[in-house]
Structures are given as structure tokens and as C-alpha cells.
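The values are calculated or read from the model by the stated rules, or taken from the named source; none is laboratory data. Note that the structure is a prediction, hence the values are computed from the model and not measured. Note that each Cβ is placed from the backbone with ideal geometry, even for glycine, and that neighbours are counted across all protein chains shown. Protein only, heavy atoms only, side chains kept; ligands, DNA and RNA dropped before computing areas. Shrake-Rupley method; radii C 1.70, N 1.55, O 1.52, S 1.80 Å.
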Amino acid sequence: MLMKIGRVVDLSHKLCPGREEYKLEAKRYFVDELYPQYKRRPDDWYITSELTFSTHVGTHIEVPYHYLKEGKDISAFPIEKLIGEAIVVDFSHKKVREAIDEKDLELYQNKIKEGDIVLIRTDLSKFYRTSKAHERPYITEKAINWLIEKRIHCLGVDCTGIEQKGLDYQINHEALFKNDIPLIESLTNLNQLRKDRVLLFVLPVAIKNIEAFPVRVIAIEESD
């Protein structure tokens, strides 16, 4: 019996080699150029590509190994924390460099549950791949600790980060990672969701000794 799938919304940016802030390069070959053991008729379009990219390009997830030498890497992080219910909290009214604090999150006290993936909506994904890409509000340390106490599984934002800009440390990242909570940065399309609670899939490629990886983040809204 097939599961009935509701409305699907892609929350990931489409990536363009050569146009991203972080490195993303692609080279295309006919398959027999790299692998002579595979045969190709001269007129056939039978290609393979090689990519060189930063693990932080586009919509990506960061795991504890990013800041903790003994923390879990992408291959070791439990996938069950990256698939599950997500709650969208709307802070699109916040201005650039304005704080999102624990009092703001307390408005969602009865909506955020243990084990949730929390998605913070700012609507600033509209500035992706522009000179304003890093203009954003930030999350206070107390707000991050409030989320940690809620025992969430993952935190995601539709802007480029969660820290107060201009500092030489990232206290929010470290706090999350010490509690085994990964962070998704540069989501998009949160404003396209019709419901504030969705089923979410976040699937990085499991590569050892890697601290982050681009992800395809898919939300499924329950059918009415």
C-alpha cells in the first residue's frame, strides 16, 4: 500500500556552478574520456561530470564536527534526527541586525515540541546570491539555550546564519553542537508553506570526516 503524499515544497536553493559565493565548479566529459572501459558511439550524448565544491555552498547542513574535534561528522550523524516533524516560526518582521530572543520564541511555547525540527522564517532568502546575502537578524544566546532546553532535533534558518555579526567566535553554533543539534543554513521558500507544521526530509550524502554538506530539504504538507 502506498503512502498518500501531500503537497511537496522544496526548501533548497538551486545551485549554479561559477555563480555561488562558496566554491562550486563543474566539469563535463563524455564518459569514455575519463573511463575508456565504457564504450560510446561518436554521436551519443553520454556524459559524466566532476564537481569541486565547498561543503557550505547553498542550502547546507552543519553538524558537530564543524566545531568539535570529537563531534559527529556527516556520516555519523543519526539520520532519524533529520527526518520528522518540523515547525515553522515566523520572524519575517525582524529587521537586519535585530535580535530574535527567548521572549520571541516563548510565543511558540505551546507549538514547539521535543524532537521537532525548528525552521526560523525571516524571508531573507530573497537576497540569496546578492550583495545583501548576509544581511539578517541574529539569534541570542538565551534563545538558543531555550531551544536546546526544548530538546529539538535540528534548527534551520532561511538566511545565511544565526550569529551576531562582527564577533570572532560563534557561541550559538558551539552550544547547538555540544547538544548534538545540527544547523541548516540558507533555506528558501518557507513563505510558500501553507501550514506551520510539516513533515521534513533533510538528506546529506554520508561522507566520513566532513563537517557540513549541501542538502535537498523537502517539506510535505498534510493533505486537507
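Structure summary
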item	result
Whole-percent carbon and sulfur share, accessible surface of segment 144-224, 1.4 Å	45 percent
Segment 7-58 - accessible surface per residue (Å², probe 1.4 Å)	77 Å²
Trypsin sites (Lys or Arg not before Pro) within segment 57-107: DSSP coil, no more than 14 neighbouring Cβ in 10 Å	K69, K95, R97
Where GluC sites (Glu not before Pro) fall in DSSP loop in segment 130-224, at most 13 other Cβ within 10 Å	E222
Accessible area of segment 1-135 belonging to carbon and sulfur atoms, whole % at 1.4 Å probe	50 percent
Listed residues T55, Y65, W146: farthest to the positive end of the dipole of the chain (Cβ charges)	T55
Per residue accessible area of segment 84-204, 1.4 Å probe, in Å²	48 Å²
Sites E25 and H93 - FRET efficiency at Förster radius 41 Å, r taken between beta-carbons, to 0.05	0.60
Estimated dipole of the chain in Debye, rounded to 20 [Cβ of Lys and Arg +1, of Asp and Glu -1, Cα centre]	480 debye
Cβ-based net charge around R194, under 15 Å, with every Lys or Arg adding one and every Asp or Glu removing one	-2
Spacing of the two label points (7 Å from each Cα toward its C-beta) at Y35 and Q164, in nm	5.2 nm
Length gained when the stretch T130-R216 is fully extended (0.36 nm per residue, less Cα-Cα span)	28.8 nm
Matching label, log10 I(q)/I(0) by the Debye sum over Cα atoms at q = 0.10, 0.14 Å⁻¹ computed from the structure shown, candidates (i) -0.43, -0.83; (ii) -0.49, -0.89; (iii) -0.57, -0.93	(ii)
Farthest toward positive dipole pole in the chain [+1 Lys/Arg, -1 Asp/Glu at C-beta], among G166, S223, I87	S223
Net lengthening on full extension, K103/C16 (0.36 nm per residue, minus Cα-Cα)	27.5 nm
